[in-house]
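Bear in mind these aren't lab numbers, they're just calculated from the coordinates by the rules spelled out. Since the structure is predicted, the reported quantities are computational estimates derived from the model, not experimental observations. FYI the Cβ positions are ideal-geometry reconstructions off the backbone, even for glycines, and counts take in every protein chain you see.
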Amino acid sequence: MAAGEGVRLTAWVRGKVQGVGFRWWTRARALELGLVGSAGNLRDGRVEVVAEGDKAACERLLELLRSGDTPGRVDGVTERWDVARGNVEGFVER
């Protein structure tokens, strides 16, 4: 993906989302949607999800994160939108 193409979604997910397969589940959904990026645990118990690609696909991932149909328990999701940086390949768990 070239710089300036697509969008970059950063989402911080609160709740019981560490140690329950949440990052793996997020990676699987992102790959199904054709997104690149990462899902990583933060020290405060949240998971940070960074996804780049088509805006509609990123919006769908955000819907899935908020759906209540995830491993663990999601209490809330905070989001930030930006232009894609284009320096990411694949989708990894951190």
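Through the Karplus equation 6.51 cos²θ - 1.76 cosθ + 1.60, θ set to phi - 60°, convert the phi angles of region 66-72 into ³J(HN,Hα) values in whole Hz; use x for Gly and Pro.
Here the 3J(HN,Hα) series is 8, 6, x, 10, 10, x, x Hz.
Would you work out the relative contact order for region 7-85, in percent, from Cα pairs under 8 angstrom that are 6 or more residues apart?
Working: 154 pairs, mean separation 38.9, N = 79.
RCO, region 7-85: 49 percent.
What ranking of Thr26, Thr78, Thr70 emerges when the number of other C-beta atoms within 10 Å of each C-beta is taken as an exposure proxy, fewest first? Before the final figure, lay out each step's value.
Working: Thr26 28, Thr78 10, Thr70 20.
Exposure proxy ranking, most exposed first: Thr78, Thr70, Thr26.
Looking only at Ala57, Ala28, Ala84, which one moves most when the chain is put into a Gaussian network model with springs between Cα atoms under 10 Å?
Per the Cα network of the chain with a 10 Å cutoff, Ala28 tops the list.
Amide H to amide H under 5 Å from Val36: which residues, 5+ apart in sequence or cross-chain, H placed 1.01 Å off N in plane?
Glu52
Can you work out the Karplus-derived ³J(HN,Hα) for every residue in region 74-89? Use 6.51 cos²θ - 1.76 cosθ + 1.60 with θ = phi - 60°, whole Hz, and x for glycine or proline.
9, 8, x, 9, 9, 10, 9, 10, 8, 7, 5, 8, x, 9, 10, 10
By per-residue mean of other Cβ atoms within 10 Å, what is the highest-first order of 31-38, 7-14?
The packing order, highest mean first, is 7-14, 31-38.
With everything on Cα atoms, drop me the angle between helix 22-32 and the longest principal axis of the chain, reported from 0 to 90° to the nearest 10.
30
Testing the spin-label approximation: label points 7 Å from Cα along Cα→Cβ at Lys16 and Arg66. State their distance in nm.
About 2.3 nm, to one decimal.
Whole-Å semi-axes of the chain's equivalent ellipsoid, largest first, each the root of 5 times a Cα gyration tensor eigenvalue? Could you put the intermediate results ahead of the total?
Working: eigenvalues 89, 30, 28 Å².
That gives 21, 12, 12 Å for the three semi-axes.
Quick one: Karplus J couplings for region 46-53, per residue in order, coefficients 6.51, -1.76, 1.60, θ = phi - 60°, nearest Hz, x for Gly and Pro?
Coupling constants for region 46-53: 7, 10, 9, 10, 10, 9, 10, x Hz.
For a quick check, take a GNM of the chain with Cα springs below 10 Å and name the residue from Arg23, Arg80, Arg46 with the largest mean-square fluctuation.
In the Gaussian network model the winner is Arg80.
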